[in-house]
Structure formats: structure tokens, C-alpha cells
Amino acid sequence: MEITVKLPDDLAEHGNPGREALEALVVEGYRSGVFSHYQASQLLGVSRLAFEGFLKERNIYEHTYSEEDLKQDEETWRKLEGKSSSPR
């Protein structure tokens, strides 16, 4: 899905206004609990580890790695293990 946002002229003059708007949306969504750690990292197109760095760069420490994050990682791991053990 693609979303278009109209930005005021003063914001449009920033170096990369689209990215700045996306990052602000992701940070607020993550802080409010609307986005999980995984979802937020996917929206930014980075790994979960890179997203952790992104948060630290912005001094955002409100959330920690949750049980939901662990379950999602375990599920991904099982899927990857199943693919690697499949005969080629």
C-alpha cells in the first residue's frame, strides 16, 4: 500500500521530507504501541537490529524487546530452519 501526504512548504524544504515524515510516523506508532518492533523496522526497511540503533540514536528507550517480539523471532527462526533442512 502506498500513502501520499501533503506537506507544508517549510517541511518540503528539508533534505528528505518524505523520510522524515515516515520516521516520525514510525516513532510515534512504536511509542504508542500501534506498531510492534518488527512492524516499525519493516516500515523503515531496516533490520530489527538496525531499528534498535535508530531508536538509540534518537534517545528512545521506552520499549524493550517484548514477548511478542520473541515469539515472532521464534516463528521466523522455525521457518528458516525448515527451509534450510529441505532437500534441494
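The values are calculated or read from the model by the stated rules, or taken from the named source; none is laboratory data. The structure presented is a predicted model; accordingly, all values stated were derived computationally and were not measured. Here the Cβ positions follow ideal geometry from the backbone for every residue, glycine too, while neighbour counts run over all protein chains shown.
Just name the residue that is nearest to Val5 (Cα to Cα) out of those in the range 33-75 that are polar (S, T, N, Q) and at pLDDT below 90. Show your work before the answer.
Here is the first cut: in the range 33-75, the residues polar (S, T, N, Q) are 36, 39, 41-42, 47, 59, 64, 66, 72.
Next, from what is left, pick out any that are at pLDDT below 90: 36, 59, 64, 66, 72.
On the way: Ser36: 23, Asn59: 26, Thr64: 30, Ser66: 31, Gln72: 31 Å.
Ranking the qualifying residues of the range 33-75, first place goes to Ser36.
Looking for whichever is assigned to a helix (DSSP H, G or I) and loosely packed, with under 10 Cβ neighbours inside 10 Å here; the options are Leu49, Leu25. Which one fits? Before the answer, list the steps.
Details: Leu25 fails: loosely packed, with under 10 Cβ neighbours inside 10 Å.
Sole residue among the options that is assigned to a helix (DSSP H, G or I) and loosely packed, with under 10 Cβ neighbours inside 10 Å: Leu49.
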Kindly provide the set of residues from the range 1-20 that are small (Gly, Ala, Ser) and within 25 Å of Gln42 (Cβ to Cβ), ordered by number.
Gly15, Gly18
